[in-house]
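What follows draws every value from the coordinates through simple rules; no lab data is involved. Quick caveat: nothing in here was measured; it's all calculated off a predicted structure. For neighbour counting, all protein chains shown are included, and Cβ atoms are generated from backbone atoms with ideal geometry for every residue, glycine included.
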């Protein structure tokens, strides 16, 4: 996850926007990993959060008060994305059951980490928990890419969009998942009034940076996670992630390093 300095720089303009639109004061809260963030919002210490699909599913298992506000868009106006299983160009095709493989993953609760990689392996009749595999959490998608390129791991799981940035260094995509529902802004309905949540939703949906030059200019200093706009979202959009979560052989909560 991003550093405190990076989060502060990228999210303060967004906080300023929310304060202007709602008349309420907001304060940034930084967390070292997804697990710490999930615990904070589920316990009511944090009122709102920007979460990936798997962290969202995880936090809704811990608290019934966490609700989706809006789903965020990327630079192409899309909300869904895919995960990739990657290897180095000259390493040959993996998944020979007679060999042992070291696997690079992001974080335990990263959608494109253990979850996507395990789903891929299960479709091959295998599992990360088999003796054929050892895996480590590197902490980021970029670290997965570099460690696979450097030969520290035979393959890894990461976001497809990021994997493609390393193609010129020899990183190759073995397989790509079906589109998964995008990142979501969530709120704790136990600590925030329904009227405030609706104000935030309306404010986010009123922005159209893809078409409105004034909005685009205002949002250009926002985090890339937020600057491209948002769309309405329903909890049911994340059922596909829930089904994969339920099929896991281990509990990913409590495994963060």
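As I understand it, the value is the acute angle between the Cα axis of helix 194-205 and the longest principal axis of the Cα atoms of the chain; what does it come to in degrees, rounded to 10?
70
How big is the convex hull of the Cα atoms of region 112-235, per residue, in Å³?
175
In µm²/s, what is D for region 83-178 at 20 °C and 1.002 mPa s, where D = kT/(6 pi eta Rh) by Stokes-Einstein and Rh is the Kirkwood radius from Cα pairs?
This corresponds to a translational diffusion coefficient of 168 µm²/s.
Note down the relative contact order for region 84-225 as a percent, whole number, built from C-alpha pairs under 8 angstrom at least six residues apart.
30
If r is the Cβ-Cβ distance from residue 30 to residue 218 and R0 is 22 Å, what FRET efficiency results, to the nearest 0.05?
Plugging the Cβ-Cβ distance into 1/(1 + (r/R0)^6) gives 0.40.
Kirkwood hydrodynamic radius (Cα pairs, Å) of region 166-257?
17.1
Identify the residues of region 1-38 with backbone N under 17 Å of a label point that sits 7 angstrom from the Cα of residue 152 along the Cα-to-Cβ direction, or state none.
Zone members listed by number: 1.
Determine, from the Cβ-Cβ distance of residue 15 and residue 240 and an R0 of 35 Å, the FRET efficiency 1/(1 + (r/R0)^6), rounded to the nearest 0.05.
Working from the Cβ atoms, E equals 0.65.
In cubic angstrom, how much convex hull volume per residue do the alpha carbon atoms of region 1-123 span?
165
Can you tell me the relative contact order of the chain? Whole percent, Cα pairs under 8 Å, sequence separation 6 or more.
So the answer I get is 30 percent.
To the nearest 500 deg cm²/dmol, what mean residue ellipticity at 222 nm is calculated for the chain from DSSP H runs of n ≥ 4 alone, each contributing -39,500 (n - 2.57), summed and divided by the residues?
Calculated mean residue ellipticity at 222 nm is -9500 deg cm²/dmol.
Just to check, using Stokes-Einstein with a Kirkwood Rh over alpha carbon pairs, what's the diffusion coefficient of the chain at 10 °C and 1.306 mPa s in µm²/s?
Estimated diffusion coefficient is 83 µm²/s.
Relative contact order for region 11-71: what percent, with Cα pairs under 8 Å and sequence separation of 6 or more?
Here the relative contact order equals 23 percent.
Out of the DSSP beta bridges found with both residues in the chain, what percent are antiparallel (nearest 5)?
75
Could you give the length gained by full extension between residue 8 and residue 75, i.e. 0.36 nm per residue of separation minus their alpha carbon distance, to one decimal place?
That pair, residue 8 and residue 75, stretches by 22.0 nm at full extension.
Which peptide among 156-165, 6-15 comes first, and what is the full order, when sorted by highest mean count of other Cβ atoms within 10 Å?
156-165, 6-15
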